[in-house]
1. Grab the DSSP H runs of the chain that are 4 residues or longer, score each as -39,500 (n - 2.57), total them, divide by all residues and round the 222 nm result to the nearest 500 deg cm²/dmol.
2. In Å and on Cα atoms, what radius of gyration and Dmax does the range 152-247 show?
3. Output wanted: per-residue J couplings in Hz (rounded whole) for the range 380-387, from phi through Karplus 6.51 cos²θ - 1.76 cosθ + 1.60, θ = phi - 60°, x for Gly and Pro.
4. S134: accessible area at probe 1.4 Å, nearest 10 Å²?
5. May I ask you to evaluate 6.51 cos²θ - 1.76 cosθ + 1.60, the Karplus curve with θ = phi - 60°, for each residue of the range 100-113 and list the ³J(HN,Hα) values in order in whole Hz, giving x for glycine and proline?
6. Ignoring solvent entirely, what values of log10 I(q)/I(0) come out of the Debye formula for the range 368-487 at 0.11, 0.16, 0.21 Å⁻¹ when each Cα is a single scatterer?
7. Give the whole-number value, in cubic angstrom per residue, of the convex hull volume spanned by the C-alpha atoms of the chain.
8. Just check the range 76-155 against the gyration tensor rule for me: Cα atoms, a ≥ b ≥ c as the square roots of the eigenvalues, rounded for a/c under 1.5, and otherwise prolate or oblate depending on whether a/b exceeds b/c.
Amino acid sequence: MVYRAFAILFLCFAVNTSVLASPWVGTVDKQLHYDLQTLQEWGYLDATVITYPVPWKGVANQILALDKDSMSQMPRQAAQRLSYYLNLQKQEKRRTFLELQGSSDDPRLTSFDGISDVKASVKITNEFYWKRLSGQLSINYQSGGEKNFDNSFLAYQFGDWNIRAGSIDQWWGPGQSSSLILSNNTRPIPTVALSRSSAVASQSPWLSWMGPWYFTSQLGQLESDRAVPDTKLLLNRFTFSPFKRFEFGASWTVMWGGEGQPSGFGDFIDVITLKGVCTRNRDTCGDEDLTKQGNHLAGFDIKYSFNIFERPVSVYAQRIGEDAAGTLNITDQASLFGVSTYFGNAKVHIETSDTNVSCGVSGSTVTNCYYENGIYNSGYRFRGRVIGSTFDSDAKQITAGANIRFDGGAIAEIIIRKAELNPDGTRPSPILTGDVTEDLLQLSGFYQRPFGDWLLKAGGSIESRKFVTRDNEVDGLLYLNATYAFD
């Protein structure tokens, strides 16, 4: 009934509006976010872009002011693509898209702009904007007969802020292959969000010292079919760029409430003030027995770009921890590190992450805790897939990839991954499908090209999977994706 009510409301606005656009870059074509990163890394864009999606406001003016003729090939192509989409929005035409996808098998590992986690789907998307109100209606029909409104939203802008209700894909952090705290590895979570409507420097003399900055705070609810039904999820993200080509981000998410758990306003205050609760049923509790109300994950990420031989090199890192001993002594901490640069018409990166972390106090060798929780036994997951890392818990991985741009708008991507999944063989994560532990080597990629009003993508992957209790396997997958833009 709730989905039906939202659909009727969306359709009413979609039918009765004449000026239509998305307030964020890349909600239909995620490659536009890579274009923003390219301009920022080359020094042509003064904005913070390590949170997806990035608002058009402020960024649009900088893109229009660029002298594209004086640029090198990669940033010039990025600026041309962004300018093309920006001009489409300025034409004030209704934008409707039909997206078709089919794959030869059920996908397992996802990426920022790779295959989605369903075998077949049909999606109809309509973007609209009317004065201060904007929105997007996406109706999704998926294999197995499931229907949903993922990536639909309504947003209202007031000054430099907007309020949004709905669900959109998000990616928090500078990682190219994964994010430890929030990625689009799972379906987008329905939230109500208060966010800054710009990611460039503020005009306020009180805030301009920060340089470009962005903030979002969101309150959502997870699905009913889990260990604690209807768990609430609070998500917060702040990024700023105190000097050009350097970005710092801080993230904090909390699972709390839900069926059978404290869910009142006072409990919410206890959550956000980090009130300590005793893990044992005692009248008095020592520091070693204290924990926080709810299941918290928090941390930071940084990225810095500089030139070597007249080409940008970016180094970045992310550190996300959960659980604490005593007050703010965070114990379970995972890390992600990466470096990227440009060669010719390609951006290449190498990235590694490790969620196979020790639990509890220093010196512990016990794992099986990251993304897990004693009360919220379904873990930091939504509909069976982790909200953070592509590789879930207890995983070590290294990824190398290249994003290649061609004249005419064609794009190719090649990624090779090597991962050690759940090496201790206990409490396996949901990403494992054949055994309790797995050594994985995967080669994947796609080729995307526009043909008139069509954007066509063909891709696939091949995996070498080594197991402990069964024979090794080599698996392959092919997929096709076609998006049609209606005039």
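The values are calculated or read from the model by the stated rules, or taken from the named source; none is laboratory data. In this text the structure is predicted, and so the values were computed from the model without any measurement. We place every Cβ from the backbone using ideal geometry, glycine too, and count neighbours over all the protein chains shown. All accessible areas refer to the heavy atoms of the entire protein, side chains included, with ligands and DNA or RNA removed. Shrake-Rupley method; radii C 1.70, N 1.55, O 1.52, S 1.80 Å.
1. About -3500 deg cm²/dmol.
2. For the range 152-247, the Cα-based Rg and Dmax read 15.3, 49 Å.
3. With coefficients 6.51, -1.76 and 1.60, one gets 7, 9, 9, 6, x, 10, 5, 6 Hz.
4. 10 Å²
5. 10, 9, x, 9, 6, 7, 6, x, 10, 8, 10, 8, 4, 10
6. -0.51, -0.88, -1.15
7. Enclosed volume per residue, from the Cα hull, is 159 Å³.
8. Verdict is oblate for the range 76-155.
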